[in-house]
Amino acid sequence: MDKAIKAAMEGLLRVATGETPHIRRANCPENGSDDRQVDCPACQAIERAEKLLHPQWADKAQILETVIRRLDIG
């Protein structure tokens, strides 16, 4: 697996488990990219993952499932 994709997926996992928290300012953490905060570590991780994974998995609902499957944790 590409190292950048693996790192992005691991970043999503840290967000999902709460290890990388949202700063919870303004509309962070809403579901839309317009609500993301540039200084929020969780929003940054999601943004990086979307940029790398979007061409491969257009359905965002599949991203976390794919992370779990690829990291062999589920």
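Within region 29-63, the set of residues being charged (D, E, K, R) and at pLDDT 80 or above comprises 39, 47, 48, 50, 51. Of the residues 68, 5, the single one that is surrounded by 12 or more Cβ atoms within 10 Å (Cβ to Cβ), modelled with pLDDT of 70 or more, of a type in the set (Val, Ile, Thr) and out of contact with any His (no Cβ under 7 Å at 6 or more places or on another chain) is 5. Cβ-Cβ contacts under 7 Å between residues 6 or more apart (or on different chains), taken from a first residue in region 36-47 that is more than 16 Å from residue 6 (Cα to Cα) and without any contact (Cβ under 8 Å) to a residue 24 or more places away in the chain to a second residue that is of a type in the set (Ser, Thr, Tyr) and part of a loop (DSSP other than H, G, I, E, B), are listed as 41/20.
The values are calculated or read from the model by the stated rules, or taken from the named source; none is laboratory data. Small disclaimer: the values here were computed from a predicted structure and weren't measured. Neighbour counts are summed over all protein chains in view; Cβ atoms, including those assigned to glycine, are modelled from backbone coordinates with ideal geometry.
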